[in-house]
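Enquirer: Dropping the structure in here first, questions after.
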RNA sequence: GCCGGCUUAGCUCAGCUGGUAGAGCAACCGCCUUGUAAGCGGUAGGUCGUCGGUUCGAGUCCGACAGCCGGCACCA
């Protein structure tokens, strides 16, 4: 006999090897009917599985959040059957559950198109309606290989071969159709329900490797109810409305054109945003960093020394004199990174241990030849500006420097309303430079710092490890922030580098007069300013806080009788430091309000004959229908107060929660900027 | 880079199976002096992404290239 414990704490005894379904039936017929799976000691399993030992048991109904994964997974199987029924000769490969849905990869000579969706979905509904039971068999490796090979399923044979020998090889049937699958599944196809939709087709490499053949992937979404599906589709529409490419056009921020794939034409308003962001970052660097500027193009030999020419040549732009008769036909590379330039600045003149830590910052424009398919609005471009810095320090200073950068990054994100942050430590990749000993050392230091970061954040940040994701010259921290609609973006990075200083022969003179190699820390907060602005546009949905908004205020007249007053108001606002224009066009106020609302102007000041006489303004804020009448001076004073950047408002200090905690020394004993 | 799709006026889009391009908004001109998300009328605007092919004839069919979109791969 075995003892099963139910969620309410009740315990019951059952014979050995009792199936979950039998247990459910022993409690209530209705429960057996409602249950789609069970959780044994927290692990979701098939209802048909036999329980052989004492355990906690819980039945999972279709409404249970854990059922969503089953619905999606089953739906993927139904999709695969539908496709193989409609298009004989199509091979099935894998079909996992992903965020919000699932996909299935197929091998077929002719790729699918969205036009095929209607027919496939109809066939899927048929299969679901037939409500065929999912049944499981365990096969031997040889039998599975033989059966799949016999069906011409070469990819499945490969999958079977890849399953570790100690694992059971499970086959799930749904009627006659079957698939190799880890499970678990619901009792029958009918449980999938009708809240699913095929979303898109795409190419995808077999096993994610670009050297392998390309398969056709069909993406689908599936939910427990129609309402959930509708809600999800609505969310997608809302996300589309805040697409930075769309808002960039609508708000007249920037554009791209054919002659410059992946390079941005910033319009006046977009550039205003860009400059506000740069100004903010400069203020945050004040006192700690020296801002520098390294050349845009440098002889390729320098990139050979740094290692970039060897690793990344395919992704670099090179330039040469355009004249046929030019005496100097050397190749110069457009800088893809700022670090080699900063090392040259460090190396210029002898550096003493007293100079360290030396923090060189640059808003450096870099160019990288990104693969054509990788480009995406501002998010992935070929020319971009990094808020880059390199800290040259001693081994002993390394941990403190990483923590200091951590504080700067987290407090910066907080100023833009990003509160959910994950810090990931990426460790040595396969393709790398430097000895294993130096990697061991760097990773050990970083791991300690990561613990510190977690401890100091008091639960405000999560940490994780990304094995094998480090840069070729050293391990790195990656800062991932979550935006207003829950999407994650990797922006900041702190990378420890023992290699570049060595390659360039950088050194400082230590207290004992000997030459020592500095440790170099690469660090970026926004990463790419272009991309960070893209993220901000989407995060704020174009509705920028006043301190960032390129056009803060529009003064709108109701009739031409208020034109003079409107110009007076605009002039006063401008004198107060606000970015303002007067709209005295001969249009109805409804027209002007609509137009400026579409343009996402945060503040509309409406003035008519009455306001002119009373010297007031009618304030209408973006996103609200409400209007408030205020005296001119009072209204302007409030707007000026609101348009102060958050760091300026707190007197350039670190926010209180990011003040250095006890025991952590954040700055050296000296201030290098004073020397 | 790979797979698929798309490219018509400044923007959003229509244009059936080939017969030589159309709407709304925007722009410009006029009327309207207007009270919080589109007042009315008129005018102008396109070598239909580029190049090549098929055809008596191509926005429409075929091919190449480019750019963009959705994925995949990549992301120092």
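Enquirer: Name the pairs whose Cβ atoms lie under 7 Å apart, with the first residue in segment A:621-635 and modelled with pLDDT of 95 or more, the second part of a strand (DSSP E or B) and more than 10 Å from RNA strand B (Cβ to nearest atom), and 6 or more positions between them or separate chains?
Expert: Hits for this filter: A:621/A:603.
Enquirer: Checking residue A:498 against (1) surrounded by fewer than 21 Cβ atoms within 10 Å (Cβ to Cβ); (2) modelled with pLDDT under 95, only one condition comes out false. Which one?
Expert: In the conditions (1) surrounded by fewer than 21 Cβ atoms within 10 Å (Cβ to Cβ); (2) modelled with pLDDT under 95, residue A:498 misses (1) alone.
Enquirer: Quick one: in segment A:588-617, which of the residues that are over 25 Å from residue A:540 (Cβ atoms) and within 6 Å of RNA strand B (Cβ to nearest atom) is surrounded by the most Cβ atoms within 10 Å (Cβ to Cβ)?
Expert: Restricting to residues being over 25 Å from residue A:540 (Cβ atoms) and within 6 Å of RNA strand B (Cβ to nearest atom), the top hit is A:611.
Enquirer: Mind telling me which of the residues A:74, A:16, A:46 ends up being at negative phi, touching a residue at least 24 places away in the same chain (Cβ under 8 Å) and surrounded by fewer than 16 Cβ atoms within 10 Å (Cβ to Cβ)?
Expert: Criteria check complete, one pass: A:16.
Enquirer: Then there is this: Would you point out the residue of segment A:536-562, among those that are near RNA strand B (Cβ under 10 Å from one of its atoms) and buried (at least 22 other Cβ atoms within 10 Å of the Cβ), that is farthest from residue A:242 (Cα to Cα)?
Expert: Here the answer is A:562.
Enquirer: Now, a different point. I'd like to know if segment A:348-370 contains one or more residues that are within 17 Å of residue A:390 (Cβ to Cβ), within 16 Å of RNA strand B (Cβ to nearest atom) and in a helix (DSSP H, G or I).
Expert: Checked against the condition, which is being within 17 Å of residue A:390 (Cβ to Cβ), within 16 Å of RNA strand B (Cβ to nearest atom) and in a helix (DSSP H, G or I), segment A:348-370 yields no hits at all.
Enquirer: Could you list all residues from segment A:395-426 that are closer than 20 Å to residue A:500 by Cβ and out of contact with any strand residue (DSSP E or B) (no Cβ under 7 Å at 6 or more places or on another chain)?
Expert: Residues satisfying the conditions are A:396, A:397, A:399.
Enquirer: Tell me which of these residue A:34 doesn't satisfy, since it passes every other one: (1) within 16 Å of RNA strand B (Cβ to nearest atom); (2) farther than 16 Å from residue A:182 by Cα.
Expert: (1)
Enquirer: Assuming residue A:342 fulfils every condition listed in (1) crowded, with 16+ Cβ neighbours inside 10 Å; (2) more than 16 Å from residue A:523 (Cβ to Cβ); (3) more than 9 Å from RNA strand B (Cβ to nearest atom) apart from one, which condition is it?
Expert: (2)
Enquirer: Could you list all residues from segment A:447-487 that are closer than 27 Å to residue A:435 by Cβ, surrounded by 20 or more Cβ atoms within 10 Å (Cβ to Cβ) and touching a residue at least 60 places away in the same chain (Cβ under 8 Å)?
Expert: A:473, A:477 - these are the residues of segment A:447-487 that are closer than 27 Å to residue A:435 by Cβ, surrounded by 20 or more Cβ atoms within 10 Å (Cβ to Cβ) and touching a residue at least 60 places away in the same chain (Cβ under 8 Å).
Enquirer: From A:262, A:270, A:248, grab the single residue that is assigned to a loop (DSSP other than H, G, I, E, B), in contact (Cβ under 8 Å) with a residue 60 or more places away in the chain and crowded, with 18+ Cβ neighbours inside 10 Å.
Expert: A:262 is the lone residue from the list that is assigned to a loop (DSSP other than H, G, I, E, B), in contact (Cβ under 8 Å) with a residue 60 or more places away in the chain and crowded, with 18+ Cβ neighbours inside 10 Å.
Enquirer: Could you figure out which of (1) outside any helix (DSSP H, G or I); (2) within 14 Å of RNA strand B (Cβ to nearest atom); (3) out of contact with any strand residue (DSSP E or B) (no Cβ under 8 Å at 6 or more places or on another chain) isn't true of residue A:329?
Expert: Of the numbered conditions (1) outside any helix (DSSP H, G or I); (2) within 14 Å of RNA strand B (Cβ to nearest atom); (3) out of contact with any strand residue (DSSP E or B) (no Cβ under 8 Å at 6 or more places or on another chain), the odd one out for residue A:329 is (2).
Enquirer: Hey, could you check segment A:204-234 for residues that are assigned to a strand (DSSP E or B) and in contact with a helix residue (DSSP H, G or I) (Cβ under 9 Å, 6 or more places away or on another chain) and say which is farthest from RNA strand B (Cβ to nearest atom)?
Expert: My answer is A:222.
Enquirer: Also, I was wondering about something else. Can you tell me which residue is farthest from RNA strand B (Cβ to nearest atom) among those in segment A:618-634 that are in a helix (DSSP H, G or I) and touching a helix residue (DSSP H, G or I) at 6+ places or on another chain (Cβ under 9 Å)?
Expert: The qualifying residue farthest from RNA strand B (Cβ to nearest atom) is A:633.
The values are calculated or read from the model by the stated rules, or taken from the named source; none is laboratory data. Everything quoted here is computed from the prediction, not taken from an experiment. With ideal geometry, Cβ positions are generated from the backbone for all residues, glycine too; neighbour counts draw on all protein chains shown.
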